[in-house]
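Please read the structure below before turning to the comments.
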């Protein structure tokens, strides 16, 4: 039985090897990236609060909340109920002043903003004035989290479809460069200057008002079907128009962009070399063209998604899709400040998450970007 | 200069660029026409005007050219009065200061659809004794229908469709169809109709005038909205607003982006780092949500929105693209030479760095215009448009709020939508062609 002993230098080498193992490296990268992004989000949310609170609007939200709870609790307490209105009013005002002092609403605005920031980062967004969640809550966080799945469903399906269909079609076009379809896509690519809600209006006009094939808006039939299968079909039917509007608004430009990347990369010398070697065209495409363009494609895609996140707001409004965007629109109509500030913060989070995920994917597909090194 | 001329010549080879230039030119002409014929204060007065300005127009009326495409003919709207001589007025003075006025109007009604409504606006001058009026309606088949008798004040409005007594007298459900069809029939009786208004004043020096307002089913070149407003006004005035907003935002954003990128690359170190960090934070800021916040909390004025848009659009991906090019230019010989002769930092940035970027700037500037034009429309559609200005986005918002798509008022959405589309696509087409000319790498593929 031999005993392995480590000299100090061997120990260092071993530690180095462990440090270099890809799991640790990726782990460290993720942590670092999360930290930087978190800082970015903190600054972003802080700026949002700064803009919102310029006229003291966030303070108003909290003050309203305090007034609400104190009035309620005194009105519902047995002693409060038996008081005459005048003493009760004085008591309520005193309590409110005390509570405002306790919550630090009399401190300077800079300190207050930092307090709002910590609340916002914990998604403690206060209570809505008018809008209630379907479960009956007035908590902004609950209202927004309840609407989030609808937005994710709409965005997720349309984005994935957009990504895969445009990459696939762009590959085909780059193969038949100069063909009729290629020219058509080039000619149509300026159509992406028009936002998705705008296409939405036309789609509603044609398919809902004209042919009466698809619903005008909403997410499910009313009343919603009871069995799961019918429910899914109904959602799918409602998803078709807003989804196509989102798809249509960026489809041609993204196909055009990807196609251009493919063409630029397929004129590289190593691709000619591979052709000369007589490799199968499929292999050339996959290994010599698609692989090196992936980082570009992902960058492009990430910018597109970031643009669409906030753009979906209008699409949801036009299609009465019960997501975040429509809630924000309703909040504008009802002047529901907590919801407006809250959704801005949620959007900031969503954007940061998108940036993080795409960043990670970027690093994963591009060997030149060494994760964690 | 020669370079620019050559680029312009190349531009003319792109049909899409020609289409774009033509459409932009047309929009500029329309804007100039709108601003000259309807001066700004007048446009605002009309746009914000209510019933008192627009009472002559029907509600929700499609444009008159709808008849060209429809097998059923819709009646056109008109308004005539005795004041401007559009209506016949015969004054017969009687004894004891009593004067009789016979005011008549004949018109040919050869449409297939009943009009919306008819109104009489009676304007009388008198001291004490109120004038008296009776109204008669003579149909093409020679029937005379006594519409109503009433005593009028200074201003009196008689609305045919709202007269319950007349409904009872005609034994019909609604007044207008009954007046425009033969007895016991529910189709339109075409022919010459005659309105007779006989007024009597009982004092010397009294007078009476009538305006007959006929609310048809179609109106003018562009139709009307829920507030009876003629849509040609916001459609015309939307052009200068959209162009100004789009161009100012695009120019402001691209100039600022370029200057900041140049400054960052030139000074390097922490300035450059700071700019990059700001760009990262800006990427996470939800643009539309913040615009909505600004619109709801602070101001919806187009100037505030414009400034906020520019501020939020400076630090975007474009800054990184410019930075990459500036880094190359920074190392070039002529910048070295400028440094050697002792040029100041500002001189190098504005005289040597930035001019090199113009070819890259022009296409991106033109391509940015549609996004800003639609941004203004998007904000208007969710109710955050400028409260005073008539814009295309506001028309769409009004239409959406009144359920235009459900109720079939398609013209109301399609007209501003078409104009927005033309504006957006014109700049997109032009920018696209410019991009191909100034970025030769794209031209090859």
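Points to keep in mind about this one:
- Degrees between helix A:8-20 axis and first principal axis of chain A (Cα, 0 to 90, nearest 10): 80 degrees
- Between helix B:302-314 and chain B there is an angle of about 30 degrees, using the helix long axis and the longest principal axis of the Cα atoms.
- Placing R0 at 25 angstrom, the Cβ-Cβ distance between residue B:298 and residue B:53 gives a FRET efficiency of 0.25 after rounding to 0.05.
- Extension gain, residue B:410-residue B:164: 0.36 nm per intervening residue step, less the Cα-Cα distance, totals 85.3 nm.
- Max mean-square fluctuation residue, GNM over chain B, Cα-Cα springs under 10 Å, options B:62, B:363, B:204: B:204
- Shape of region B:41-132, Cα gyration tensor, a/c cut at 1.5: oblate
- Centroid-to-centroid, using Cα positions, region B:141-175 and region A:259-286 are 83 Å apart.
- Centre-to-centre, using Cα atoms only, region B:350-398 and region A:203-242 are separated by 34 Å.
- Given their separation in residues at 0.36 nm each and the Cα-Cα distance between them, residue B:28 and residue B:269 gain 82.3 nm when the chain is fully extended.
- In terms of the mean number of neighbouring beta-carbon atoms within 10 Å, the peptides A:26-33, B:252-259 order highest first as B:252-259, A:26-33.
- Per residue, the convex hull volume that the Cα atoms of region B:274-356 enclose (Å³): 118 Å³
- In units of the compact-protein estimate 2.2 N^0.38 Å, region B:311-370 shows a Cα radius of gyration of 1.28.
- Every Cα-Cα pair of region B:64-215 was included, and the share exceeding 23 Å stands at 39 percent.
- Other protein chain C-beta atoms within 10 Å of residue C-beta, averaged over A:260-273: 1.
- FRET efficiency for the pair residue A:36 and residue A:109, taken as 1/(1 + (r/R0)^6) with r the Cβ-Cβ distance and R0 = 25 Å, rounds to 0.35.
- Spin-label pair residue A:269/residue B:358, simplified geometry with 7 Å Cα→Cβ offset, distance in nm: 3.7 nm
- Over 17 Å [Cα-Cα, region B:368-445], rounded percent: 54 percent
- Estimated D of the protein assembly as shown in µm² per second, where Rh is the Kirkwood radius over Cα pairs and Stokes-Einstein applies at 25 °C, 0.890 mPa s: 77 µm²/s
- For the pair region B:59-83 / region B:193-240, the C-alpha centres are spaced 12 Å from each other.
- Sites residue B:194 and residue B:42 - FRET efficiency at Förster radius 35 Å, r taken between beta-carbons, to 0.05: 0.45
- Theoretical gain in end-to-end length, residue B:321 to residue B:108 [0.36 nm per residue, Cα-Cα removed]: 70.0 nm
- Fraction in percent of alpha-carbon pairs per bin - 10 Å, region B:299-399: 13, 31, 23, 17, 11, 4, 0
- Peptide B:417-430, shielding by other chains (average Cβ, 10 Å cutoff): 3
- Oblate is the label for chain A. Its Cα gyration tensor axes, ordered a ≥ b ≥ c, give a/c of at least 1.5 and b/c at or above a/b.
- Mean projected area in nm² (Cα convex hull; one quarter of hull surface) for chain B: 30.9 nm²
- Overall form of region B:1-79 per C-alpha gyration tensor (a/c, 1.5; a/b vs b/c): oblate
- In terms of the mean number of neighbouring beta-carbon atoms within 10 Å, the peptides A:149-155, A:68-74 order highest first as A:149-155, A:68-74.
- Inter-chain neighbour count for A:194-204: the average number of beta-carbon atoms from partner chains within 10 Å of each residue's beta-carbon is 5.
- Estimated inter-spin distance, residue A:240 and residue A:24, nm [label 7 Å along Cα→Cβ]: 5.6 nm
- Chain B: angle of helix B:392-401 to the longest principal axis, Cα-based, in degrees nearest 10: 60 degrees
- Each label point was placed 7 Å from the Cα along the Cα-to-Cβ direction; for residue B:72 and residue A:291 their separation is 6.7 nm.
Taken together, the values in this text are just the output of simple stated rules run on the coordinates, not laboratory data. Predicted model, so just to flag it, every value in this text is computed and none were measured. Ideal geometry is used to build each Cβ from the backbone, glycine not excepted, and the neighbour counts take in all protein chains shown.
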